[in-house]
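Colleague: Got a structure for you, questions after.
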Amino acid sequence: MRSAKYFSMTSVVFMLVSASLSGCSMEGLEGESRITVGISDNVLSLDPASGYDPGSWIVFNNVFQSLLTFPVGAVEPQPELAERCSFTDSEVRVYRCTLKEGAEFSNGEKLDSSDVKFTFDRTLAIKDSNGPAVMFQSLESVETPDDRTVVFNLKGPDATFPSKIASGAGSIVSKSDYPPVSLRKDGKAVGSGPYKLTSFDDTGATFAANEKYTGGAEVKSEEIELKFFHGDTKSFKNSLIDDRVDIAYRGLTAKDLSEIRDRSEDEGLDVAEGTGVEVKHLVFNVDDPVAGNLGVRKAIAHLLDREELTAAVYKDTTVPLYSLVPTGIVGHDTAFFDKYGARPSRKAAKEALENAGVTKKVTLTLWSTPTRYGPSTDDEMRVISEQLNRSGLFETVVESIDFEQYEKNISEGKYGVYVKGWVPDYPDPENFTTPFFGAGNVLGNNYSNEEITQTLLPRAAASQDRSAAQEDFDRLQHIVATEVPMLPIWQSKQHLVVKKNLRGYQHCLDASTIFRFWELHRTE
């Protein structure tokens, strides 16, 4: 997906809206009109056992509660539905939580430990290919000694387990309202979070404050509308100008952002910018007849010009990435920069091909999808194609296909080279490595390395001191840079465009990637 675990990311989040933020009150105004948030992402599921995408997690983080959460600016998970949680053993294999008293779902049903057990058992039982079950491969069983106590027994050490259950993947559902071994598909959702879902269709969703909510969030707006633009960037941009939305989140092109920033005073808008942790990768199917050749992959690594790409396509709204773990997260290094440099080298690419026995021009199709990974993804892949072709060593074309078919074809091994975006689940280097190289990885590229899966990832998972795992993550990235099953391309900056009378949006731009409806409010 979507979402991640990071350390001191608040130090790198900066705002371009200081004038509008100075002196603003954080107190909400009762009776305010509905606030409308526009997104270009699709919401692929309302069921936490399936949704593992940015759009769905916006819904989950506001409608459901997790045992723990990341408060504004926090880099360690804190209690939310739980009163307290902790590991009870030195091997970080038994995690115990005590629930707060009096928790209820939005429909008035009591929420107790049996609902928590039901939620995790259900996610693992359904094991939806588009869901977050992959995050809980370390979970062996869940016990409920009493109505308020939950004990998670893990198969092995997993120091990141608290962060995992604090994410959207840990959204607690009702055992009375959700089928135990199948997904809910009625377009409804029942949770215990700050908001309740009141309507949902292909155009958008509406939310009302949940009067049954007993958590720590202070709800500042009674009604929120989420409007879907399904990748239509022109309509998305125009919606800001003609007052159809109050906030635009995710999906505006770099050109649109630049134009809006230039016209912001005239249009009554502000642009907020922060360093993000979303990343983009070029992925290689190592079983493909062409991309499976290591020399071909190394040649592409030598020819990729990230500086040109980010400037030409993203107008510097992204930054080049030479690490699996983005800047600002413990575990970041420069493995790909060290091995392939920042500037393209035709000489090095040609040598890599010749050493692999490739003497003819390499013919490849680069596969893209137009909506899931941002509106500029197709343009990005075309620039990469041009970079490869002008070397004279490659003859490539770009094909773009809708996301559902795209994922199906990847799973069937039909693509040799394709693009993947990742929005982390929690701020930890594990979330930028295990999903890609652990068991059941999300890349679908048939790559496996025993040192990574048997030694490095398990040892890093056992370290409660995450900085102590740096050496293992460095080694992992060195291996990946050498074997090139994927190439990191860029790291995002976060952007919001908002009306000048909106406040609280700065609390939606931290490293947790949680978009907090409850912080949004008007000043007039």
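Colleague: Would you mind telling me the share, in percent, of accessible area of the range 378-513 contributed by carbon and sulfur at probe 1.4 angstrom?
Modeller: 44
Colleague: At a threshold of 8 angstrom on Cα-Cα distance, excluding pairs fewer than six apart, so keeping six or more, what relative contact order does the range 139-192 reach in percent?
Modeller: 22 percent.
Colleague: Looking at Ser199, Ser171, Ser141, which one has the Cα that reaches farthest to the positive end of the dipole of the range 127-259 (charges on Cβ: Lys, Arg +1; Asp, Glu -1)?
Modeller: With unit charges placed on the Cβ atoms, the residue in question is Ser141.
Colleague: Let me check against my output: what whole-number percent is the relative contact order of the chain, with C-alpha pairs under 8 Å and at least 6 apart?
Modeller: Here the relative contact order equals 24 percent.
Colleague: Mean projection of the alpha-carbon convex hull of the range 218-261 over all orientations, in nm²?
Modeller: If you wrap the Cα atoms of the range 218-261 in a convex hull and average its projections, you get 3.9 nm².
Colleague: Rolling a 1.4 angstrom probe over the protein heavy atoms, how many square angstrom per residue are accessible across the range 246-310?
Modeller: Ligands and nucleic acids excluded, the result is 31 Å² per residue.
Colleague: Considering the options Val219, Ala209, Leu294, tell which one lies farthest towards the positive end of the dipole of the range 206-299, charges being +1 on Lys and Arg and -1 on Asp and Glu at the Cβ, about the Cα centre.
Modeller: Sorting the options by dipole projection puts first Leu294.
Colleague: Defining a contact as two alpha carbons under 8 Å apart and six or more residues distant in sequence, what relative contact order in percent does the range 60-218 show?
Modeller: Once normalised by length, the contact order is 30 percent.
Colleague: Could you run the Karplus curve 6.51 cos²θ - 1.76 cosθ + 1.60 with θ = phi - 60° over the range 197-202 and give me ³J(HN,Hα) per residue in whole Hz, x for Gly and Pro?
Modeller: 6, 9, 7, 7, 8, 5
Colleague: I've got another one for you. Given labels modelled 7 Å from the Cα in the Cβ direction, how far is it in nm from Glu451 to Arg346?
Modeller: Here the modelled spin labels are 3.4 nm apart.
Colleague: Let me ask something additional. What percentage of the solvent-accessible surface of the range 118-209, computed with a 1.4 Å probe over protein heavy atoms, is contributed by carbon and sulfur atoms?
Modeller: That share works out to 48 percent.
Colleague: Would you mind getting me the FRET efficiency between Glu265 and Leu124? Use the beta-carbon distance for r and R0 = 51 Å, nearest 0.05.
Modeller: 0.45
Colleague: Follow-up question, since we're still on this one. If you place +1 on the Cβ of every Lys and Arg and -1 on the Cβ of every Asp and Glu, how big does the dipole about the Cα centre of the chain come out, in debye to the nearest 20?
Modeller: 1040
Colleague: Specify which residue in the list Leu393, Ser512, Phe120 is farthest towards the positive end of the charge dipole of the chain, using unit charges on the beta carbon of Lys, Arg (+1) and Asp, Glu (-1), about the Cα centre.
Modeller: Going by the charge dipole, the pick is Leu393.
Colleague: What value in Å³ per residue do you get for the convex hull of the alpha-carbon atoms in the range 277-331?
Modeller: Spread over its residues, the Cα hull of the range 277-331 gives 103 Å³ apiece.
Colleague: What would the Debye equation give as log₁₀ I(q)/I(0) for the range 463-512 at q = 0.19, 0.21, 0.25, 0.33 Å⁻¹, counting only Cα atoms as equal point scatterers?
Modeller: With no solvent term, the Cα-only Debye profile gives -0.83, -0.88, -0.99, -1.14.
Colleague: Can you tell me the order of 146-156, 108-118, 512-522 when each peptide is scored by its average per-residue count of other Cβ atoms within 10 angstrom, highest first?
Modeller: 512-522, 108-118, 146-156
Colleague: So with the 1.4 Å probe, I'd like the accessible area per residue for the range 72-163, rounded to whole Å².
Modeller: For the range 72-163, the solvent-accessible area averages 43 Å² per residue.
Colleague: Let me ask something else about it. For the range 238-328, what % of the accessible area comes from carbon and sulfur atoms, probe 1.4 Å?
Modeller: That fraction is 43 percent.
Colleague: Another one. In whole Hz, with x marking every Gly and Pro, tabulate ³J(HN,Hα) for the range 265-273 from phi via Karplus 6.51 cos²θ - 1.76 cosθ + 1.60, θ = phi - 60°.
Modeller: Once rounded to whole Hz, the list reads 5, 5, 8, x, 10, 10, 10, 9, 9.
Colleague: Here's another thing I want to ask about it. With no solvent and one equal point scatterer placed on each C-alpha of the range 360-454, evaluate the Debye formula and give log10 I(q)/I(0) for q = 0.20, 0.22 Å⁻¹, two decimals.
Modeller: -1.07, -1.15
Colleague: Separate question: When ligands, DNA and RNA are left out and all protein chains stay put, how many square angstrom of accessible area per residue does the range 440-524 have with a 1.4 Å probe?
Modeller: Heavy-atom SASA per residue in the range 440-524 reads 33 Å².
Colleague: Return the Rg/Rh ratio of the range 378-524 with Cα-based radii and a Kirkwood Rh.
Modeller: With Rg and the Kirkwood Rh in hand, the quotient comes to 1.05.
Colleague: For the range 182-306, report the convex hull volume of the alpha-carbon atoms normalised per residue, in Å³, without decimals.
Modeller: 228
Colleague: For Ser86 and Arg34, what is the calculated FRET efficiency with R₀ set at 41 Å and r taken between the beta-carbons, to the nearest 0.05?
Modeller: My answer for the efficiency is 0.55.
Colleague: Just the Cα atoms of the range 103-219: what Rg and Dmax do they give in Å?
Modeller: 14.9, 44
Colleague: If you don't mind, another one. Each residue of the range 130-139 in turn: what ³J(HN,Hα) in whole Hz from Karplus with 6.51, -1.76, 1.60 and θ = phi - 60°, glycine and Pro shown as x?
Modeller: Result, rounded to whole Hz: 9, x, x, 4, 4, 6, 10, 5, 7, 7.
Colleague: Also, I was wondering about something else. In nm, give the distance between the simple-model label positions of Gln78 and Asp146, each being 7 Å from the Cα along the Cα-to-Cβ direction.
Modeller: Inter-label distance under the simple model: 2.7 nm.
Colleague: What whole-number volume per residue, in cubic angstrom, does the convex hull of the C-alpha atoms of the range 79-127 give?
Modeller: Normalising the Cα hull of the range 79-127 by residue number yields 98 Å³.
Colleague: Any idea what diffusion coefficient the chain gets from Stokes-Einstein, in µm²/s, Kirkwood Rh on alpha carbon pairs, 10 °C, 1.306 mPa s?
Modeller: Answer from the Stokes-Einstein relation: 67 µm²/s.
Colleague: If you place +1 on the Cβ of every Lys and Arg, -1 on the Cβ of every Asp and Glu, and leave all else neutral, what size is the dipole of the range 248-298 about its Cα centre, to the nearest 20 Debye?
Modeller: Rounded to the nearest 20 debye, it is 480 debye.
Colleague: Based on alpha-carbon atoms only, what is the radius of gyration of the range 228-386 relative to the globular estimate 2.2 N^0.38 Å?
Modeller: That works out to 1.25 for the range 228-386.
Colleague: Which order do peptides 41-49, 494-502 fall in by mean Cβ count within 10 Å, highest first?
Modeller: Put in order of decreasing packing, that is 41-49, 494-502.
The values are calculated or read from the model by the stated rules, or taken from the named source; none is laboratory data. Note that the structure is predicted; figures quoted are calculated from it, not measured. When we count neighbours, we look across all protein chains shown, and the Cβ atoms used for this are built from the backbone with ideal geometry, even at glycine. Keep in mind that these areas ignore ligands, DNA and RNA; they rest on the heavy atoms of the full protein, side chains included. Shrake-Rupley method; radii C 1.70, N 1.55, O 1.52, S 1.80 Å.
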